[in-house]
C-alpha cells in the first residue's frame, strides 16, 4: 500500500498500548488494528482528529507516502 | 434602542439551553412494512417457499417419468401426437417422448435452480446483509439459467418443428425472444447494481 500509517512508531514513542488508544479515541481495537496493518480503505476526519488529539501529533506524523504498486481493487478481492 | 435590548437578552440564554431529544417522527407511513411479520418480504418468502416446493415435486415427477419412458414399450401403445388444431398426426416415438420429457425436466429444473438462488438471496436480505459478493454470483447465475432455459425452449421448439415432429409444432419466431432477452438484461443489470453495493459495503467496512 502506498500510504503507511505510522501508528506503531507513535504508540512506542508515547508508551501507549493499542487498547488504551482505542479506548481514548472511541474506536474498537479491531478497527484500530485494521488501520495499523494498512488494510483500511479510508480514515474519517473525526477519527484522524481524535488520533492526533490523543497522540499529540499532526496528521503528517501519522501518515506517510511510500512509492509502490497501487493497492488492489476491492472487486479483485471479491473475485 | 430600548425596545431591542430585552429581545437580545431573551435570545442569549436560549442558546445555552441544551437541545431537546429528538421526538419520534409522525408522518405518512409506507403502506407495507418491508421486513418482519406481515411485511412484503414475509409474503415474498412464503411465495418463494411454496413455488420452490411445487417445482421440486414437478421436477421429481418429471424425472421419474423420464426414467420410466426409457422402458415403456411405446410401439405397443400406438399413441399419436397432433397439434392444437387437430391437423397432422404423428406416432409418438421413443426419441420424441424422451426429448419432450427431457426438455420439460430441464425447463422446470432450471426454474428450480433459479428459485434456489432467489431463496438464498432472500435469506441474506432477512439477516439484513443483502449486498455481498455471493449474491452477485447468484444473480449472475439466475440471469444465465434464465437465458439458457428460455433460449433452450426456443431452440427445442425449433428442433421439434423442423426434425422430430414436422407439422405438429410451429417454430417460435424471433419476436418470442424479446421478453426473455429483456428479463435476462434486467437480472444482469441488477447483478451489477449488487456488485457496486457489495463494493461500497466493503469500503464502508474498511473506513475507520
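Read the figures in this text as sums done on the coordinates, not as results from a lab. Not measured: the values here are computed from a predicted model. Reconstructed Cβ throughout: ideal geometry from the backbone, glycine too, with neighbour counts over all protein chains shown.
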- With respect to residue B:140, determine if the residue is within 14 Å of chain A (Cβ to nearest Cβ) and surrounded by 18 or more Cβ atoms within 10 Å (Cβ to Cβ). yes
- Query: Only one of B:125, B:120, B:112 is part of a helix (DSSP H, G or I) and over 17 Å from residue B:197 (Cβ atoms); which?
  - Reply: B:112
- Item | Answer residue from the range A:10-41, given it is loosely packed, with under 11 Cβ neighbours inside 10 Å and within 14 Å of chain B (Cβ to nearest Cβ) and is nearest to residue B:200 (Cα to Cα) among those | A:30
- Note on the structure: Of the residues in the range B:150-202 that are in contact with a strand residue (DSSP E or B) (Cβ under 7 Å, 6 or more places away or on another chain) and without any contact (Cβ under 8 Å) to a residue 40 or more places away in the chain, the one that is farthest from residue A:29 (Cα to Cα) is B:161
